[in-house]
Amino acid sequence: MPKRFILLLIPLVLLPSPLWATDLQGLVRKVEQQYMGLSSKSRMEMSVRSEHWQRSLMMDSWSLGREYFLIRIIAPPKERGVTTLKADKEVWNYLPKVDRVIKVPPSMMGGAWMGSHITNDDLVKANKIDEEYSFSLLEETAEHLLIECLPQPDAAVVWGKVIYEIRLPQEVPGRVTYFDEEMIKVRELIFDEVQKIDDRFIPLRMTIQPTDKPDESTVIRYSELKFNTGIDQSFFSLRNLKR
Amino acid sequence: MIMLLHLAARNLWRNRRRTLLTLSAMVVSLALLTLSLGVFSGMLVDILSSTTEQYHGHLVITAEGYLDDRDMYKNFSADPALFSRLQQDQAVRGLSPRIRGFGLVSYQESSYPAELLGVRPEMEKSVTNLQTQLIAGVFPTDEDTEGAVLGSGLAKKLGVSPGDELVFVTQSADGSIGNDLLIVRGIFRTGHSGHDNSLVLVPQQWLQQVMALEGKLHEIALSVQYPLQAAEDAQRIATLLPAGLTATDWGVLLPEMREAIASFDVSRFIFVIILYFATGLGILNTIFMSVMERTREFGILMALGMRPFQIRLTVLLECLLLGLIGTALGLILGLLLSSYMALVGIDLSSWITPITYAGGTIQPRLTAIFEQRNFIDPAYMLLLVALLAGLLPARRAARLQPVAAIRED
Amino acid sequence: METLRLAWRNVWRNRRRTLITIIAMSFSLMLIQAFHNLSFGVYAQMVDSGVRSGSGHIAVYRGDYAVSRDDRLFWNLGKMTGLEDKIAKLEGIKAVLPRIYLPALAQSSRESRGILLTGIDPQAEDKINPLLKSIDAPSLLRSLDGRDALVGSRLLTELKLKVGNKFVVTAQGPEGELVSELLRIRGLVQSGIRDVDSSLVMVGRKRAAAMTGQPDAIHELAIILENPALEKKLIPVITKLLPPKSNLRAVSWELAMANLANAIKLDHASQKFIFFIIVLIVTIGVVNTLLMSVMERIREFGVILAVGATPGRLRATVMTEALLLGAVSMLFGNLLGTLATWYLVEIGIDLRDFIPETMEFGGVIFDPVMRAGWDVGYMLQMSAYVLLLSVIASLYPAAKAARIAPAVAMRHH
């Protein structure tokens, strides 16, 4: 499959842009979806190093497509039970200490999720990359494809440009670099520790690295990951949030 | 000299009616002058107090740069030694350590952004006056570990009243989601929409725990004896502070207030001119005339051998005596009237509600404040006018030929 | 007539005293008039710039928005056919400004801040809204639904952006979901008021309204009048134009901007008190003067009474003298007051001369130059008081004059 795929790509480079742009779109979508699978359950470990704190969280996470996920904190004990639910464009947090479900309002969307370098907004906007950007191929080697993603003219996106690296032959994300409108690098997402699970190649570790704060980072690592767990949309409800 | 003084006094006494007339004019004018200056000062201090004592305090001590962005990490440790050093300063009247957090306050289905101020109620009361502006419930006590007072606008939006339980959610300093419960003890209304719609006063230790900032503070708010001198107090207090902390006065915290005071000063300046003018001319007239009409008398005295300069001196002494007595009585009357205004004042609340002006809320009433300059300056002016008023006619009288003077009427 | 001539001559017999009294009274009148006109002008300025960036002299809101500022109380201007035009066509209306105010989040690639997304009609607000004074709004916000935005100066810095950069605005949509829009910074707004400069984003109103799901939604129709005095008359007229079951209300700025209204009321009250005191002081001076003048003419009065004049006649004389003094003072005072007012209107007082440092004055909302206005009614009123005052001040001295016993009087001195 991989070899054939590469062979396909070479003629694609020679074709006029619209044609392989669409394909690139499809390719990016494919890669992203590969990462999410259809439904999944996983256990993740998140380590955050920032100017003001160092945190290590262990979480259970369920997802469905790109629209739904539920993440529950298992450790440390102080935060055990705190759960985040995202359904489409809305995010809720359940806080066991006060036994309350709080919907995240627009004013808090810019805030960090669980103290990491991921914002609440990132959660909502994640994996929409193929819808709001147009793509062109920057570079192609045996190891990777570098795709330049430029926001569509009216897309509600703060970035000036995103460069998406697809590692070959596994077709998994490698490095995703975010630039502001002046084309200055602002942050980088690095995917590694690729393993094969259930027939797919998945990078088990993602690192978020803000550019102007080299000492800070957020690292998320899957320790367990299962696909096609059989859960459906009804699982992602406010009721489940509280459990 | 003594003889002239004696003469002056007797002259005054001899023509009691004229003396009394002049005196009464001086006394009443001076009293009214000091009263209105006092009311003016009262207004200014009122505006200043209500602006600063509602929330900011007259002075705040913070880490450098905290006031620009209110970054929760720009905090400092609570140090009792610092507190006592501050309290010993002669100008400091009250001190309140505070910690500040921003987040969401939630009740049942609604959530709204809020600013939480973690305070120690008894100490906070020595600096601000929210406890006097409650429209429901009570102000928490020091022992209350989870009680809160919030603004009426916020309370209304949430639909809470005293006794209800609130949830507060924030980003705490260690990266986790800080969250905990509060019980509404009271609701305040200041008239300032910013505070009424988003301010919540909570127990200090409670907020420190929620924010994972145990033992830390963001500011120490101070109230001083003379708010108008807060800038000087800030400079002096800065020397008591450890490195990294600065003292900032209300003039910097509330620049709109400084604008308001500037225009207020202009008004006051104009008023003072009007008042001094009206008073001065009145006195001038009176004294002037009373000397003029004694030209004949002076002529006789000169004919009898009194020398011109003695005449002048006598007149001046009379004016001086008159001025001193008038000033003294005028000051006393002014003090009495000002005291009444200061203690009782005039209440306008039946037709004006509290006003938000330049970042604070003003209670609608008229009162007076005792400021040295409101008494000393007018007193000096009166004396000056009294002397000046006598100068010209005295000189004129002294320069006349006795016969001409006697013939004058 | 005879009395008048006599009184006039008497008045000028002691030129110095008369002059001093006239100067005192007329200057007091001048200062009172000038000062009142100054605060009259300053209030008018404050109200004027306040209503232009705020609620207008008259504002149309839904429900109790004027007080609660609940952003859910928006209404659809598009559904009220021609309301804007109908109001604009009324006599005395200077401008009708539709606006929408949405609390939202602004995000750049590095920072995010809470803002108030304000949707306006740039053409209508141009030349009227003091916040837009130093920029050409219609050329920057080129359409009602474009992505052009004007941003508060502090907000720009906090978001770490420059003019020309884009940013994203997120607000709560009609069903509670999050709605985001892309905007591009085309210019800055600098009001000098910290809160405004760090949270204001202005866009064409349809772009902002789109986030509510109704492109013609607004919160406020701010109506600016040619002459503020027309407000009372126009409110009922405008109310009649509003659709009956819409829960829309036309309110005065005094309700929508209660703070401003009350600040002015408080100032008025204290002014009255101070003026009362001034009047008292001036009265004392005048009474004194008149009394003195009676005292020194006791002998003369005695003679007059002895040769057959009635006490009443004497009283009349004294009072007429006072009246003349008052009249002259009034005329002179009015002249001076008019001149002073003219100066204060044309040139005014520049507060910047009184402030030690160069403070950012905002200039927009708070004009650093205090300018007077012509409150002619008040000036006439004060003139009348001066006359009244002189008459009242003369009562006691006149009474004293009338009670003179001729024989005793003639022996006086």
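Inside the stretch C:54-86, residues that are more than 30 Å from the chain's Cα centre (by Cα) and either among the aromatic types (Phe, Trp, Tyr) or away from every other protein chain (no Cβ under 14 Å) (or both) make up a count of 9. Answer yes or no as to whether B:Ala78 is touching a Gly at 6+ places or on another chain (Cβ under 9 Å) and surrounded by fewer than 21 Cβ atoms within 10 Å (Cβ to Cβ). Against the criterion (touching a Gly at 6+ places or on another chain (Cβ under 9 Å) and surrounded by fewer than 21 Cβ atoms within 10 Å (Cβ to Cβ)), B:Ala78 qualifies. Among the residues making up the stretch C:108-129, those that are surrounded by fewer than 21 Cβ atoms within 10 Å (Cβ to Cβ) and not charged (D, E, K, R) are C:Gly114, C:Leu116, C:Gln123, C:Ile128. Hey, any hits in the stretch B:123-133 for a residue that's within 14 Å of chain A (Cβ to nearest Cβ), under 27 Å from B:Val169 (Cβ atoms) and crowded, with 21+ Cβ neighbours inside 10 Å? No, the stretch B:123-133 contains no residue that is within 14 Å of chain A (Cβ to nearest Cβ), under 27 Å from B:Val169 (Cβ atoms) and crowded, with 21+ Cβ neighbours inside 10 Å. Scanning the stretch C:288-295 for residues that are at positive phi and of a type outside the set (D, E, K, R) turns up nothing. Scanning the stretch C:159-171 for residues that are surrounded by 21 or more Cβ atoms within 10 Å (Cβ to Cβ) and not small (Gly, Ala, Ser) yields C:Leu159, C:Leu161, C:Lys166, C:Phe167, C:Val168, C:Val169, C:Thr170. Could you go through the stretch A:162-171 and let me know if any residue there is surrounded by 18 or more Cβ atoms within 10 Å (Cβ to Cβ), free of Cβ contacts under 8 Å to residues at least 60 places away in the same chain, over 30 Å from C:Ala149 (Cβ atoms) and within 19 Å of the chain's Cα centre (by Cα). Yes, some residue in the stretch A:162-171 is surrounded by 18 or more Cβ atoms within 10 Å (Cβ to Cβ), free of Cβ contacts under 8 Å to residues at least 60 places away in the same chain, over 30 Å from C:Ala149 (Cβ atoms) and within 19 Å of the chain's Cα centre (by Cα). Of the numbered criteria (1) at pLDDT below 80; (2) away from every other protein chain (no Cβ under 13 Å), the one B:Glu293 fails is (2).
Hey, does the stretch A:138-149 have a residue that's touching a Phe, Trp or Tyr at 6+ places or on another chain (Cβ under 9 Å), assigned to a strand (DSSP E or B) and either among the aromatic types (Phe, Trp, Tyr) or within 14 Å of chain B (Cβ to nearest Cβ) (or both)? Lay out the reasoning, then the answer.
Taking the stretch A:138-149 first, the residues touching a Phe, Trp or Tyr at 6+ places or on another chain (Cβ under 9 Å) are A:145-149.
Imposing the further condition that a residue be assigned to a strand (DSSP E or B) reduces the set to A:145-149.
This time we only want the ones that are either among the aromatic types (Phe, Trp, Tyr) or within 14 Å of chain B (Cβ to nearest Cβ) (or both), so: none.
No, every residue in the stretch A:138-149 fails to be touching a Phe, Trp or Tyr at 6+ places or on another chain (Cβ under 9 Å), assigned to a strand (DSSP E or B) and either among the aromatic types (Phe, Trp, Tyr) or within 14 Å of chain B (Cβ to nearest Cβ) (or both).
For the structure I just gave you, tell me whether C:Thr118 is of a type in the set (Ser, Thr, Tyr), more than 23 Å from the chain's Cα centre (by Cα), away from chain A (no Cβ under 14 Å) and under 24 Å from B:Gly194 (Cα atoms). Considered against the rule, which asks whether it is of a type in the set (Ser, Thr, Tyr), more than 23 Å from the chain's Cα centre (by Cα), away from chain A (no Cβ under 14 Å) and under 24 Å from B:Gly194 (Cα atoms), C:Thr118 comes out as yes. Scanning the stretch A:189-211 for residues that are within 14 Å of another protein chain (Cβ to nearest Cβ) and surrounded by fewer than 18 Cβ atoms within 10 Å (Cβ to Cβ) yields a single hit, A:Thr211. Among the helices (runs of 4 or more DSSP H) confined wholly to the stretch B:170-281, which include 1 or more residues that are away from chain A (no Cβ under 14 Å), of a type in the set (A, V, I, L, M, F, W, C) and touching a His at 6+ places or on another chain (Cβ under 8 Å)? In the stretch B:170-281, the matching helices (runs of 4 or more DSSP H) lie at B:230-238, B:250-253.
Residues in the stretch A:87-140 that are under 30 Å from B:Ile183 (Cα atoms), touching a residue at least 60 places away in the same chain (Cβ under 8 Å) and buried (at least 20 other Cβ atoms within 10 Å of the Cβ): A:Tyr94, A:Met114, A:Gly115. If you go through the stretch B:138-162 and keep only what is more than 17 Å from B:Ser96 (Cα to Cα) and surrounded by 18 or more Cβ atoms within 10 Å (Cβ to Cβ), you end up with B:Gly147, B:Leu150, B:Gly151, B:Ser152, B:Gly153, B:Leu154, B:Ala155, B:Lys157, B:Leu158, B:Val160. The number of residues in the stretch B:336-351 that are out of contact with any Pro (no Cβ under 8 Å at 6 or more places or on another chain) and either modelled with pLDDT of 85 or more or of a type in the set (A, V, I, L, M) (or both) comes to 10.
Just a yes or no: is a residue in the stretch A:167-174 at negative phi, assigned to a loop (DSSP other than H, G, I, E, B) and within 14 Å of chain B (Cβ to nearest Cβ)?
So in the stretch A:167-174, the residues at negative phi come out as A:167-170, A:172-174.
Going one step further and asking which of them are assigned to a loop (DSSP other than H, G, I, E, B), we end up with A:168-170.
With within 14 Å of chain B (Cβ to nearest Cβ) added as a condition, the list becomes none.
No, the stretch A:167-174 has no match at all.
State whether the residues of the stretch C:87-106 include one that is within 14 Å of another protein chain (Cβ to nearest Cβ) and either touching a Phe, Trp or Tyr at 6+ places or on another chain (Cβ under 6 Å) or among the small types (Gly, Ala, Ser) (or both). Don't jump to the end; show me each part of the working.
The first filter runs over the stretch C:87-106 and keeps only residues within 14 Å of another protein chain (Cβ to nearest Cβ), leaving C:101-106.
Add one more test, that the residue is either touching a Phe, Trp or Tyr at 6+ places or on another chain (Cβ under 6 Å) or among the small types (Gly, Ala, Ser) (or both), and what stays is C:104, C:106.
Looking for residues that are within 14 Å of another protein chain (Cβ to nearest Cβ) and either touching a Phe, Trp or Tyr at 6+ places or on another chain (Cβ under 6 Å) or among the small types (Gly, Ala, Ser) (or both), one finds at least one in the stretch C:87-106, hence yes.
The values are calculated or read from the model by the stated rules, or taken from the named source; none is laboratory data. The structure displayed is predicted, hence computed values, not measured ones. Note that we place each Cβ from the backbone using ideal geometry, even for glycine, and neighbour counts take in every protein chain shown.
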